[in-house]
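Derivation of every value follows stated rules applied to the coordinates shown; laboratory data play no part. Please read these numbers as outputs of a predicted model, since none were measured by experiment. When we count neighbours, we look across all protein chains shown, and the Cβ atoms used for this are built from the backbone with ideal geometry, even at glycine.
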Amino acid sequence: MTIEKKAYRAAIVHSIADPAEVVVEASYEYFEDGLMVVENGKITAVGHTRDLLGSLASDVEVVTYTDALITAGFIDTHIHLPQTGMVGSYGEQLLDWLNTYVFPVERQFADPGHAAEVSDIFIKELLRNGTTTALVFGSRHKESVDAFFTAAEKLNLRMIAGKVMMDRNAPDYLVDTAESSYVDSKALIERWHGKGRLHYAVTPRFAPTSTPEQLTLAGQLLTEYPDLYMQTHISENLKEVEWVKALFPERKNYLDVYDHFKLLGERSVFAHGVHLCDQECERLAETGSAIAFCPTSNFFLGSGLFNLPMAERHKVNVGLGTDVGGGTSFSILQTLNEAYKVMQLQGAKLSPFKSLYLATLGGARALRLEDKIGNLHEGTEADFVVLDFNATPLLSYRMKQATSIEEKLFVLMTLGDDRTVSETYSAGVLVHKR
Ligand code: GUN
Ligand code: ZN
């Protein structure tokens, strides 16, 4: 095998710890004139150019980016493939929004041709926004996940997805059965889980749309296969929370429903968690489960403000989710812009380094992939983005006034969007160029 070796020179920053756990200066590494060496899809060195350039063989190509920042590829811990075509749908809160807009578009994914077409658009959109790994909901049709993984595999992306399990409280055209959801999920697991850089997530939509029998079988899948993920929604909307109480009166809180069916664990990711209590956070932490914080969605659907300080207090792993199509942007930068406002409205702060953590290393930790992605340490996979300081006239002018990496990051996260991402690399391969 020939060794593919290349080096990238630019300002380089990456998150190396949660700023909630260490002093902020110890949470990141920054090289103002940095160099990152990539061999066969993996990072083999990162540091100051002055320290690394001399030892680089003269035949190694050095790609230089000026007025640009390299960081780890973004990680989206909650997003819906089938909702690509209805993002930005007007006027409803969660339960009416599902019935009015979501279920009709998800129905279309019974058609493999449609699923393939949307998967292509969806993956391009992720990469345009610098997202190199996502935890993805399909529809209840296994065709949706086949199409998504087929497209992701072609680009050798590290992606996680699952077919939605939903056997009640939804239109007849969209429900499966406990048995068929088990069989279909199993077929997808056998076909895709662990293939290349792909992983499978058992995906009960949320407690109201699954019978106890279906939740039992979801739990069974998790015990049958090692290292599977589990993704679902929790405590997003107050009417939803009331509904879950009525459907499962014997359970002490929303999380306890999932706990009862053995759906908590180190690879379990619960989207939203806007209305969780201390007891639920404690249990999430105890089981190593994670929350996907989805600020644009929580604003757009009028769900409420996620209490990040509470999650931090309990040491719950938190990643960031766009939640397209309840969320309104594929951009993790725009998602961070909204996350900052969520904290402001609660009288709290979101530092640029905590934001960087949430978008990269925090997401990787939520997915137990921090040895592979979410940072630029030697030995990790070369999934990274190049952010362009001159992406728009305003950004360009504003960045000229910025004096520290902290300020630069904050401006990128406030003014930045897909235009800011000039290149996206996955396993050392250029997969998007603006
Ligand atoms: N709860 C159950 N299904 C969904 C969904 O598709 N989107 C969001 N935001 N919440 C949900
Ligand atoms: Zn969602």
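Details
- Helix axis angle, 142-154 relative to the chain longest principal axis, alpha carbon, degrees: 10
- Per principal axis, descending, Cα span of region 65-219 in whole Å: 55, 40, 27
- Ratio Rg/Rh [Cα only; Rh per Kirkwood] for region 1-139: 1.13
- Inter-centroid distance (Cα atoms) of region 280-301 relative to region 121-152, Å: 22
- Exceeding the 22 Å Cα-Cα cut-off - candidates LYS163/LYS245; LYS245/LYS349; LYS163/LYS186; LYS124/LYS433; LYS142/LYS195: LYS163/LYS245; LYS245/LYS349
- Build a GNM of the chain with springs between Cα atoms under 10 Å apart, and of GLY196, GLY47, GLY265 the one that fluctuates most is GLY196.
- Which of VAL386, LEU376, ALA402, positive extreme of dipole for region 356-405 (C-beta unit charges): ALA402
- Folded to 0 to 90 degrees: helix 178-192 orientation relative to the chain principal axis, Cα: 20
- Ratio of the Cα radius of gyration of region 311-434 to 2.2 N^0.38 Å, where N counts its residues: 1.09
- Translational D in µm²/s for region 157-259 (Stokes-Einstein at 37 °C, 0.692 mPa s, Kirkwood Rh from C-alpha pairs): 231
- Helix axis angle, 278-287 relative to the chain longest principal axis, alpha carbon, degrees: 70
- Dipole size of the chain about its Cα centre, with +1 on Lys/Arg Cβ and -1 on Asp/Glu Cβ: approximately 320 debye, rounded to the nearest 20.
- Proximity of backbone amide H atoms, modeled 1.01 Å from N, is registered between VAL202 and TYR229, MET230, GLN231 at under 5 Å, excluding neighbours fewer than 5 places apart on the same chain.
- Rounded to 5, the percent of DSSP beta bridges in the chain classed as antiparallel: 45
- Amide proton proximity set for PHE389, modelled H, under 5 Å, gap of 5+: ALA68, LEU69
- The chain - Rg over Rh from alpha carbon coordinates, Kirkwood radius: 0.97
- Low-density loop cleavage sites - GluC sites (Glu not before Pro) in region 1-75, where at most 14 other Cβ are within 10 Å (DSSP): GLU4, GLU21
- Using a cutoff of 8 angstrom between alpha carbon atoms and counting only pairs six or more residues apart, the relative contact order for the chain works out to 20 percent.
- Mean residue ellipticity, 222 nm, helices only, the chain: the sum of -39500 (n - 2.57) across DSSP H runs of n ≥ 4, divided by residue count and rounded to 500, is -10500 deg cm²/dmol.
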